[in-house]
Amino acid sequence: MAPLSNEQVRALGYAVNLNIEEPDLTEVTHSINAILDSMAAINLPETNLVEPIPILLSGMED
Amino acid sequence: MLPEEIPLLSVVELANYIEKKEITPLETVRAYLSRIEKFDPKLNSYITVLADQAEQDAEIAGQEISNGNYRGPLHGVPVAVKDQIHSEGIRTTDASQIRTDFIPNEDATVLANLKAAGAILLGKLNMSEFALGDPISSAFGPAHNPWDLNRSPGTSSTGSGAATAGFLCATSLGEDTGGSIRGPAANCGLVGLRPTWGRVSRYGVDGACWSIDTIGPISRTVADCAITIGAIAGFDPKDKYTRQISVPDYYAGLTKDITGMKIGIVKELMDTNTMGTDPVVIAAINAALEVFAGLGAEIQEISLPLTKHTGAVVRTITHTERVSLHPEWLRERPQEFHHNTRVAFMAANLIPAQVYYKAQKLRAVVRDQVLNAFKEVDLLIQPTSSGPANLMNLEPGVRSLEQAKKALVEGGFRGLYSLSGAPALSIPCGFTSESGTDLPLAMQIAGRHFEEATVLRAAYAYEQATTWHNRHPSIE
């Protein structure tokens, strides 16, 4: 996926009621692109079967 | 003993003197306050110093001990806690302009437990704003690393690292979400323990991410760390996720015997090309493995393939959840955040739900991989960081996409245990010299869930077989 542009990030900000302008905008763009790129790089097909339980429930460690 | 020598004692040594009534708690507190007055203008490790209250509490502790009511090794010992931990009647700021007027009406359970053990609260320690990002984000200015005032003390428990290494408190508490106990411990040459999630109450601690946050000690020695965690661990009815599992006497369990213990080295983090691990760190870890082998442990290589991605997964989960706690602050008071915090929070608001959900699934996969590793070995060892403490960049800002990605990779050094919830301890394992300054290097020792005692025992055996813990910074 191509990195988000500043304009796209500004539009996403509007969608969540945030007014993102410089001097923040370019840095927010770098930050969100870093997260999206890094997460997209992780490809594990078997995660479709994973139940995303956030904590270790009692007995899971056995 | 000269008063200025008292802060240089370990908790174990100080407790011995106090129990024998050879040093009083009041003498101890005054010695620490004098040292804070002298050195904290350089370290900036405290946000709030409680001089009068600490002296009053020390007098009471002294009277109790004189009357034969000695409570144990923290009685009369001066401690300090990260300013994320609520303190009754004392402001708790999260190092943020937004929280400078917040005064809790109740102590966090961990602080109440320290006080019940007889500890004296010296003050509240500096941190990164809302426990995220670089030291410069603190509304009170950055804390400085005692080994080199120009370098980062590690984030986000910046003051806990700086004050403990600078002998401005006997032991301290930090809070670790993505590595905020282990990072400062590594940068400052200290022992920091992220306990098992559910071992220590989070009640009364301002949260970053409910399912990852932990509170634990940052101390100068393994024994001091064991004493401190022993005082705060255990079930708390105010935190329903603390487990009703008995808390062993961690200090009593510090034998040097690790014969037959199986230790796995996480191979993905011993890689300069993929993770950027400094060769001096790799050499230090390899030397540490030889020490463990010499002590009778069995060493084997372990592969945890998702390790390099854990920084991004932790960031995705923790930042999404952190900004969800008080979304109105970012919308209504954005200019009251430090620039770096505001940028991070804004970016976190834009993370798509499907990416967050993917991160939660990956967390479960990472946890399974860690649990499976612990079927083969008793402990996992790896570097705490890619290298020694960095020079602090005092200019705020995310300069490039590459810089932002690099920060996510660095988070991968501590992500395995943030995601799995297993206990992990950082301990010095060597030194390197940069620009004529000696800087500590560190490794993590991680264990099975709720087996902090095993982690501490191995750390103690290593510490006693080496001399790194005898080296201290000179602040002058």
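So which residues in the stretch A:25-57 are of a type outside the set (A, V, I, L, M), at the interface with another protein chain (Cβ under 7 Å from one of its Cβ atoms) and assigned to a loop (DSSP other than H, G, I, E, B), if there are any at all?
A:GLU51, A:PRO52, A:PRO54
Only residues in the stretch B:352-367 that are among the polar types (S, T, N, Q) count as the first member; pair them with residues that are surrounded by fewer than 19 Cβ atoms within 10 Å (Cβ to Cβ), Cβ under 6 angstrom, at least 6 apart or cross-chain, and list the lot.
B:GLN360/A:PRO52
When residues of the stretch B:62-95 are filtered for being out of contact with any Phe, Trp or Tyr (no Cβ under 6 Å at 6 or more places or on another chain), open to solvent by less than 10 Å² (accessible area, probe 1.4 Å), of a type outside the set (A, V, I, L, M) and at negative phi, how many remain?
So the count comes out to 6.
Going by what's in this entry, would B:LYS240 be described as open to solvent by 40 Å² or more (accessible area, probe 1.4 Å) and free of Cβ contacts under 8 Å to residues at least 12 places away in the same chain? Steps first, answer last, please.
Details: open to solvent by 40 Å² or more (accessible area, probe 1.4 Å): yes; free of Cβ contacts under 8 Å to residues at least 12 places away in the same chain: yes.
Here the answer is yes, as B:LYS240 does meet what is asked.
Could you say whether any residue in the stretch B:440-448 is closer than 25 Å to B:ALA252 by Cα, open to solvent by 40 Å² or more (accessible area, probe 1.4 Å), over 18 Å from the mean Cα position of the chain (by Cα) and not small (Gly, Ala, Ser)?
Scanning the stretch B:440-448, I find at least one residue that is closer than 25 Å to B:ALA252 by Cα, open to solvent by 40 Å² or more (accessible area, probe 1.4 Å), over 18 Å from the mean Cα position of the chain (by Cα) and not small (Gly, Ala, Ser), so the answer is yes.
Can we say B:ALA293 is closer than 24 Å to B:MET127 by Cβ, touching a strand residue (DSSP E or B) at 6+ places or on another chain (Cβ under 7 Å) and more than 12 Å from every other protein chain (Cβ to nearest Cβ)?
No: the conditions fail for B:ALA293.
I need a count of the residues in the stretch B:10-49 that are under 28 Å from B:SER128 (Cα atoms) and either free of Cβ contacts under 8 Å to residues at least 12 places away in the same chain or among the β-branched types (Val, Ile, Thr) (or both).
Residues that pass the stated criteria total 9.
Which members of the stretch B:347-363 meet the condition of being under 14 Å from B:VAL398 (Cα atoms) and open to solvent by 10 Å² or more (accessible area, probe 1.4 Å)?
none
For the stretch A:4-23, what are the residues that are open to solvent by 10 Å² or more (accessible area, probe 1.4 Å) and facing chain B (nearest Cβ under 7 Å)?
Correct list: A:LEU12, A:VAL16, A:ASN17.
Quick one: in the stretch B:308-339, which of the residues that are surrounded by fewer than 20 Cβ atoms within 10 Å (Cβ to Cβ) and within 9 Å of another protein chain (Cβ to nearest Cβ) is farthest from the chain's Cα centre (by Cα)?
The extreme case among them is B:ARG331.
The values are calculated or read from the model by the stated rules, or taken from the named source; none is laboratory data. What you are looking at is a predicted structure, and each value in this text was computed from that prediction instead of being measured. As a convention, Cβ positions derive from the backbone with ideal geometry for all residues, glycine included, and neighbour counts pool all protein chains shown. These area figures cover heavy atoms from the full protein model, side chains too; ligands, DNA and RNA do not enter into them. Shrake-Rupley method; radii C 1.70, N 1.55, O 1.52, S 1.80 Å.
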